[in-house]
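Student: A single structure is presented below for examination.
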2 protein chains.
Amino acid sequence: MSNVELNSVSESALSARCAARKLATLSEAQRQEIFSALANRLWNQRAEILKANARDCELLLIELKAGRTSQALFDRLQTSERGVSDMVAKVHAVAQLPDPIGKTLAITELDDNLTLRKVSCPLGVIGVVFESRPDVIPQVGALCLKSGNAVLLKGGKEATHTNELLVHIWRQVLAEFDDELVDVVSLLHTRHEVTEMLELSGLIDLIVPRGSKDFVTYVAAHSSIPVLGNAEGVCHIYVDQAANLEKAWDVSFDAKTNYPAACNAVETLLVHEEIAPKFLPEMIKRFHDARVAVRGCERTRTFSTANNVEETTDADWATEYSDLIIAVKVVTSFDEAVAHIDRHGSHHTEAIITEDPSTAQRFMELIDAAGVFHNASTRFADGFRYGLGAELGISTSKLHARGPVGLEGLTTYKYQLFGDGHTVSEYQARRRSKGAK
Amino acid sequence: MSNVELNSVSESALSARCAARKLATLSEAQRQEIFSALANRLWNQRAEILKANARDCELLLIELKAGRTSQALFDRLQTSERGVSDMVAKVHAVAQLPDPIGKTLAITELDDNLTLRKVSCPLGVIGVVFESRPDVIPQVGALCLKSGNAVLLKGGKEATHTNELLVHIWRQVLAEFDDELVDVVSLLHTRHEVTEMLELSGLIDLIVPRGSKDFVTYVAAHSSIPVLGNAEGVCHIYVDQAANLEKAWDVSFDAKTNYPAACNAVETLLVHEEIAPKFLPEMIKRFHDARVAVRGCERTRTFSTANNVEETTDADWATEYSDLIIAVKVVTSFDEAVAHIDRHGSHHTEAIITEDPSTAQRFMELIDAAGVFHNASTRFADGFRYGLGAELGISTSKLHARGPVGLEGLTTYKYQLFGDGHTVSEYQARRRSKGAK
């Protein structure tokens, strides 16, 4: 790893490009060999991994006790033998996905001996910036290896020892297979290096920021490199007048309480006025029983039997609470709900609860979001649940990859044209006698 | 059109969004009706179109005579009855393409009554900034109508009268079909409005700049909205040692001389030293006969019989001449050619001339460009030649759309999840008995 420390980020990126080019020449069987070696070595070195992780945890515990960090961050950092075994399982899982590279996506015979193929290929070099969770390195590294990309990783400083060892293991495995592959995975060490990386628009093909809204927004604003990620998830559930009450209660409850810190948790309930008197009193009660703070518009508050619904302000409609808080609004129509989502939503995931199929269909078509759900919890917006095998992140961008992104988001395509000395002038000259030589 | 002049750009963009949402609810048959009405009206108003165009041409002619503009710009501006008939033909051609919207791209049964569909859908609002050519409006307008998008157009001021009339025709046709559709096509009038548009990242989904390298670079640097375009095309042809000489001469000649101002014209020839003595003298002669200025490295110049090859400087390798000039370099190996392209290419289109299929295959895999061609002219990199029906532009970006971009580049996808009250908690609880209710 020492050469990474000595070199500038642009040199690391250049080395990564060369390594990616080498990687592109490997066969699927050769990449499988690397996957096996990696899984074995991760497991064989689990004692060292746990030791490095314990050292990081010790240091973070001091911060935690001093009130300078959160229990949540500490929990995400700490791993165990079970954690390492999960890492190994994830490496195997990615290895077993279908090869995303070299697939012929389209083929067109333009003329005799002139064939156009649209073929999937790697993006090149990916930059991933993430916080604590040590399982990011094996998973992202595996996704990049599978898709023929090199990766520059920058983790949080609280996980320094764990991350350095994990990247070291990766690089050892790569070096043993072929010296020229070692820079397929590299680690950056400082924030300054991240700033430098964001400027390398000719050398880095994609930046994946995983972290707070502020961080993702910062990255998008400071780089002309394409960014894959989501700044926020202000997800809505619209409870239509034709909703089944049980489904509406269950889905809304799940979407808020299953994992409130996730970006696919619901933040705002929109309730049609026709169903509000039947739906809201019980819903508010269920939320309160689960310690969810309910905030509501004026009409919502009239349905609270215990007078325990705080009044919403305009700011509530645009807020991702990431916590056990929910905002509730009574709407007079389907159109009002759609307009509210269009104005305040973050194009992440939006759900409708209704038994009316034509209303559902209109919602699915009109709402501009990566995920539009009918009678299902917003929490399903997840690469694992979508069956993608592994998830790089969730994208709220409309271009390239949208929603949960797996291997496909790490690929692009190129057009390969196979001719036999074909010129355009000759083609133009004979275009009136198409097909004639 | 008066409301566009009165409103700010963000208001135009908001109106465009509403119109796009309305457009999304039309059936394919309804959109076909609009296409027919548009084609008819364009043809019926050809006299007015030619009159408006004549007025623009008159004004530009003054500039041309004063030496303040180029003949090329004037030629691109001027249209004719044949030109209007081509516009009509293009509108019909786009109308007849397969519907790109609402296609199910993938479908996954996640569980009983839990179905995930990946469905193609419009991007939303597109901003297109272009120079003179009046046929851009009917073609881009048709592409947007077909793909369910609204568009804000800004043409060059030299085409003011032509563009205003064309957009007016569009808006009349849309208004006659449905008042709420009128803002599917709008015209911006000033440079200041373009600057304003580049800042509307929440309201505009894609910017398509068509113009000079400086302009495209400016747009990309000044907007956080995704940009589809190519700043430049520094395309190479590598003449391998195993090249067929006739093919190498013909393809190189075509790629340089067929239309030198195009971004897919070749700028640099890389010639393997083994074949240089046979290839270069005749190639240089053919270029000179066609008034192509040849610049060469030291070794290239030794193959010029007439001593008429100027010496290249480092700047030549990075220059898009867009003119009858070509740079030639003798290389000692395939690897040197690949490294040169990797360093100086613009990821647009790169070609190899060789009879060795394994060398060709390595080139097709190693070169990182939107188009990699074997024994064919770089001039084939074009939406029409690729069979895309109509071209929005050529993209050198790796994300979203790459190479010549047709209708597909104006679409994204959303995940539609159809459930029956499914919650993630319930799913987590029963995950060990997969499939059991």
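Results for (1) buried (at least 24 other Cβ atoms within 10 Å of the Cβ); (2) among the β-branched types (Val, Ile, Thr); (3) within 14 Å of another protein chain (Cβ to nearest Cβ); (4) under 19 Å from B:GLY393 (Cβ atoms), shown as yes or no for each residue.
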| residue | (1), (2), (3), (4) |
| --- | --- |
| B:LEU145 | yes, no, no, yes |
| B:ALA150 | yes, no, yes, yes |
| B:ILE169 | no, yes, no, no |
| B:ASP178 | no, no, no, no |
| B:LEU181 | no, no, no, no |
| B:SER186 | yes, no, no, no |
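Residues are listed down the side, and each one gets a yes or a no for (1) under 15 Å from A:GLY419 (Cα atoms); (2) over 16 Å from the mean Cα position of the chain (by Cα); (3) among the hydrophobic types (A, V, I, L, M, F, W, C):
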residue: B:ILE207; (1), (2), (3): no, no, yes
residue: B:ARG210; (1), (2), (3): no, no, no
residue: B:VAL219; (1), (2), (3): no, no, yes
residue: B:TYR238; (1), (2), (3): yes, yes, no
residue: B:PHE253; (1), (2), (3): no, yes, yes
residue: B:PRO260; (1), (2), (3): no, yes, no
residue: B:CYS263; (1), (2), (3): no, no, yes
residue: B:GLU267; (1), (2), (3): no, yes, no
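Student: Of all residues in the range A:376-401, count the ones that are within 10 Å of another protein chain (Cβ to nearest Cβ) and surrounded by 24 or more Cβ atoms within 10 Å (Cβ to Cβ). Even if it seems obvious, please write down each step before you answer.
Tutor: Just the residues of the range A:376-401 that are within 10 Å of another protein chain (Cβ to nearest Cβ), to begin with: A:376-382, A:385-388, A:397-401.
From what's left, surrounded by 24 or more Cβ atoms within 10 Å (Cβ to Cβ): A:376-381, A:401.
Counting residues in the range A:376-401 that are within 10 Å of another protein chain (Cβ to nearest Cβ) and surrounded by 24 or more Cβ atoms within 10 Å (Cβ to Cβ) gives 7.
Student: For the range B:178-192, what are the residues that are in a helix (DSSP H, G or I) and more than 15 Å from B:GLY148 (Cα to Cα)?
Tutor: Within the range B:178-192, B:ASP179, B:ARG191, B:HIS192 qualify.
Student: Just one of (1) closer than 28 Å to A:HIS92 by Cβ; (2) assigned to a helix (DSSP H, G or I); (3) modelled with pLDDT under 95 trips up A:LEU26, so point out which.
Tutor: Result: A:LEU26 fails condition (2) only.
Student: In addition: How many of the residues in the range A:241-261 are part of a loop (DSSP other than H, G, I, E, B), buried (at least 20 other Cβ atoms within 10 Å of the Cβ) and more than 9 Å from chain B (Cβ to nearest Cβ)? Reasoning before the result, please.
Tutor: Going through the range A:241-261, the residues part of a loop (DSSP other than H, G, I, E, B) turn out to be A:241-244, A:258-261.
So of that shortlist, the ones also buried (at least 20 other Cβ atoms within 10 Å of the Cβ) come out as A:243, A:258.
Narrowing further to those that are more than 9 Å from chain B (Cβ to nearest Cβ): A:243.
Qualifying residue count, the range A:241-261: 1.
Student: When only residues in the range B:262-282 that are among the aliphatic types (A, V, I, L, M) and within 14 Å of chain A (Cβ to nearest Cβ) count, which is farthest from B:ASP314 (Cα to Cα)? It would help to see each step written out before you state the result.
Tutor: At the first step, the residues of the range B:262-282 found to be among the aliphatic types (A, V, I, L, M) are B:262, B:265-266, B:269-271, B:275-276, B:280.
This time we only want the ones that are within 14 Å of chain A (Cβ to nearest Cβ), so: B:262, B:265-266.
Working: B:ALA262: 23, B:ALA265: 20, B:VAL266: 17 Å.
For the range B:262-282, the residue satisfying everything is B:ALA262.
Student: With the condition kept exactly as written, say whether any residue in the range B:201-211 is in the same structural domain as B:GLU11 (by TED's automatic domain parsing), touching a residue at least 60 places away in the same chain (Cβ under 8 Å), more than 28 Å from A:ILE341 (Cβ to Cβ) and part of a helix (DSSP H, G or I). Outline the logic, then answer.
Tutor: First, the residues of the range B:201-211 that are in the same structural domain as B:GLU11 (by TED's automatic domain parsing): B:201-211.
Keeping just the survivors that are touching a residue at least 60 places away in the same chain (Cβ under 8 Å) gives B:203-211.
If we keep only those that are more than 28 Å from A:ILE341 (Cβ to Cβ) too, we end up with B:209-211.
Within this subset, residues satisfying the condition of being part of a helix (DSSP H, G or I) are none.
No, every residue in the range B:201-211 fails to be in the same structural domain as B:GLU11 (by TED's automatic domain parsing), touching a residue at least 60 places away in the same chain (Cβ under 8 Å), more than 28 Å from A:ILE341 (Cβ to Cβ) and part of a helix (DSSP H, G or I).
Student: So A:ILE101 ticks every box in (1) part of a helix (DSSP H, G or I); (2) at pLDDT below 95; (3) in contact with a Pro (Cβ under 8 Å, 6 or more places away or on another chain) but one. Which box is left unticked?
Tutor: Unmet for A:ILE101, out of (1) part of a helix (DSSP H, G or I); (2) at pLDDT below 95; (3) in contact with a Pro (Cβ under 8 Å, 6 or more places away or on another chain): (1).
Student: Counting only residues that are out of contact with any helix residue (DSSP H, G or I) (no Cβ under 9 Å at 6 or more places or on another chain) and crowded, with 21+ Cβ neighbours inside 10 Å, which one in the range A:197-219 is nearest to the other protein chains (Cβ to nearest Cβ)?
Tutor: Among those that are out of contact with any helix residue (DSSP H, G or I) (no Cβ under 9 Å at 6 or more places or on another chain) and crowded, with 21+ Cβ neighbours inside 10 Å, it is A:ASP205.
Student: Just to be sure I understand, how many residues within the range A:130-142 are out of contact with any helix residue (DSSP H, G or I) (no Cβ under 6 Å at 6 or more places or on another chain) and either basic (Lys, Arg) or at pLDDT 90 or above (or both)?
Tutor: Within the range A:130-142, the first condition is being out of contact with any helix residue (DSSP H, G or I) (no Cβ under 6 Å at 6 or more places or on another chain), and the residues that meet it are A:131, A:136, A:140.
Next cut, either basic (Lys, Arg) or at pLDDT 90 or above (or both) only: A:140.
Going through the range A:130-142 one residue at a time, the tally reaches 1.
Student: For a quick check of your reading of the model, give me the residue pairs whose first member lies in the range B:404-426 and is more than 7 Å from chain A (Cβ to nearest Cβ), whose second is polar (S, T, N, Q) and assigned to a strand (DSSP E or B), with beta-carbon atoms closer than 9 Å and at least 6 apart or on different chains.
Tutor: Every condition considered, the pairs that remain are B:PRO404/B:SER395; B:VAL405/B:SER395; B:GLU408/B:SER120; B:GLY409/B:SER395; B:THR411/B:SER120.
Student: Looking at A:THR349, A:THR354, can you tell me which residue is within 10 Å of chain B (Cβ to nearest Cβ) and modelled with pLDDT of 95 or more?
Tutor: Numbers: A:THR354 fails: within 10 Å of chain B (Cβ to nearest Cβ).
Answer to the check: A:THR349.
Student: Let me ask something else. Of B:GLU199, B:GLU158, B:GLU164, which residue is under 21 Å from B:LEU392 (Cα atoms) and over 20 Å from the mean Cα position of the chain (by Cα)? Walk me through how you get there before you give the answer.
Tutor: Values: B:GLU199 fails: under 21 Å from B:LEU392 (Cα atoms); B:GLU158 fails: under 21 Å from B:LEU392 (Cα atoms).
Only one candidate qualifies: B:GLU164.
Student: Is there any pair linking a residue in the range B:43-54 that is outside any helix (DSSP H, G or I) to one that is at pLDDT 95 or above and buried (at least 18 other Cβ atoms within 10 Å of the Cβ), with Cβ under 7 Å and at least six apart or on different chains, and which?
Tutor: B:GLN45/B:ILE169
Student: In the range B:21-54, which residues are out of contact with any Gly (no Cβ under 6 Å at 6 or more places or on another chain) and more than 29 Å from B:GLN78 (Cβ to Cβ)?
Tutor: Initially, the range B:21-54 is screened for residues out of contact with any Gly (no Cβ under 6 Å at 6 or more places or on another chain), giving B:21-22, B:25-54.
Selection gives B:ARG21, B:LYS22, B:THR25, B:LEU26, B:SER27, B:GLU28, B:ALA29, B:GLN30, B:ARG31, B:GLN32, B:GLU33.
Student: Let me ask something else. Do you know which of the residues in the range A:55-85 that are within 18 Å of A:GLN139 (Cα to Cα) and either of a type in the set (Gly, Ala, Ser) or assigned to a helix (DSSP H, G or I) (or both) is modelled with the lowest pLDDT? Spell out the reasoning first.
Tutor: Restricting attention to the range A:55-85, the residues satisfying the condition of being within 18 Å of A:GLN139 (Cα to Cα) are A:76-85.
The next check asks that each one be either of a type in the set (Gly, Ala, Ser) or assigned to a helix (DSSP H, G or I) (or both); those that pass are A:76-77, A:80-85.
Details: A:ARG76: 86, A:LEU77: 91, A:SER80: 94, A:GLU81: 95, A:ARG82: 93, A:GLY83: 93, A:VAL84: 95, A:SER85: 95.
This residue is A:ARG76.
Student: For the range A:247-291, how many residues are within 25 Å of A:HIS347 (Cα to Cα) and among the basic types (Lys, Arg)?
Tutor: 2
Student: Also: From (1) surrounded by 21 or more Cβ atoms within 10 Å (Cβ to Cβ); (2) at pLDDT below 95; (3) closer than 29 Å to B:GLU58 by Cα, pick out the condition that doesn't hold for B:VAL173.
Tutor: Failed condition: (2).
Student: Examine the range A:296-309 for a residue that is assigned to a strand (DSSP E or B), of a type in the set (Val, Ile, Thr) and crowded, with 19+ Cβ neighbours inside 10 Å, and state whether such a residue exists. Before the answer, list the steps.
Tutor: Here is the first cut: in the range A:296-309, the ones assigned to a strand (DSSP E or B) are A:296.
If we keep only those that are of a type in the set (Val, Ile, Thr) as well, we get none.
No, because not a single residue in the range A:296-309 is assigned to a strand (DSSP E or B), of a type in the set (Val, Ile, Thr) and crowded, with 19+ Cβ neighbours inside 10 Å.
Student: So which of A:SER8, A:SER27, A:SER80 ends up being among the hydroxyl-bearing types (Ser, Thr, Tyr) and either under 24 Å from A:LEU407 (Cα atoms) or under 24 Å from the mean Cα position of the chain (by Cα) (or both)?
Tutor: Checking each option against the conditions leaves just A:SER27.
Student: Please verify whether the range B:328-342 includes one or more residues that are closer than 29 Å to B:GLN96 by Cβ, out of contact with any Asp or Glu (no Cβ under 7 Å at 6 or more places or on another chain), in a loop (DSSP other than H, G, I, E, B) and modelled with pLDDT of 90 or more.
Tutor: Start the filter on the range B:328-342 by keeping residues that are closer than 29 Å to B:GLN96 by Cβ, which leaves none.
For the range B:328-342, residues closer than 29 Å to B:GLN96 by Cβ, out of contact with any Asp or Glu (no Cβ under 7 Å at 6 or more places or on another chain), in a loop (DSSP other than H, G, I, E, B) and modelled with pLDDT of 90 or more: absent.
Student: For the range A:269-282, what are the residues that are within 16 Å of A:ALA337 (Cβ to Cβ) and more than 31 Å from the chain's Cα centre (by Cα)? Lay out the reasoning, then the answer.
Tutor: Of the residues in the range A:269-282, the ones within 16 Å of A:ALA337 (Cβ to Cβ) are A:269-276, A:279-280.
Within the range A:269-282, A:HIS272, A:GLU273, A:GLU274, A:ILE275, A:ALA276, A:PHE279, A:LEU280 meet the criteria.
Student: What residue, among those in the range A:310-327 that are more than 18 Å from A:LYS256 (Cβ to Cβ) and not in a helix (DSSP H, G or I), is nearest to the chain's Cα centre (by Cα)? Write out each step before concluding.
Tutor: From the range A:310-327, those more than 18 Å from A:LYS256 (Cβ to Cβ) are A:311, A:313-315; that's our starting set.
Filter once more, keeping what is not in a helix (DSSP H, G or I): A:311, A:313.
Values: A:GLU311: 34, A:THR313: 31 Å.
In this case the residue turns out to be A:THR313.
Student: What single numbered condition from (1) of a type in the set (Asp, Glu); (2) under 24 Å from A:ARG117 (Cβ atoms); (3) touching a residue at least 12 places away in the same chain (Cβ under 8 Å) fails to hold for A:ASP356?
Tutor: It fails just one condition, (2).
Student: Mind checking which residues of the range B:345-372 are in contact with a His (Cβ under 9 Å, 6 or more places away or on another chain) and either polar (S, T, N, Q) or not in a loop (DSSP other than H, G, I, E, B) (or both)?
Tutor: Across the range B:345-372, the qualifying residues are B:THR349, B:GLU350, B:ALA351, B:ILE352, B:ILE353, B:THR354, B:PRO357, B:ALA360, B:GLN361, B:PHE363, B:MET364, B:GLY371.
The values are calculated or read from the model by the stated rules, or taken from the named source; none is laboratory data. Being a predicted model, the structure only gives us computed values, none of them experimental. Neighbour counts are summed over all protein chains in view; Cβ atoms, including those assigned to glycine, are modelled from backbone coordinates with ideal geometry.
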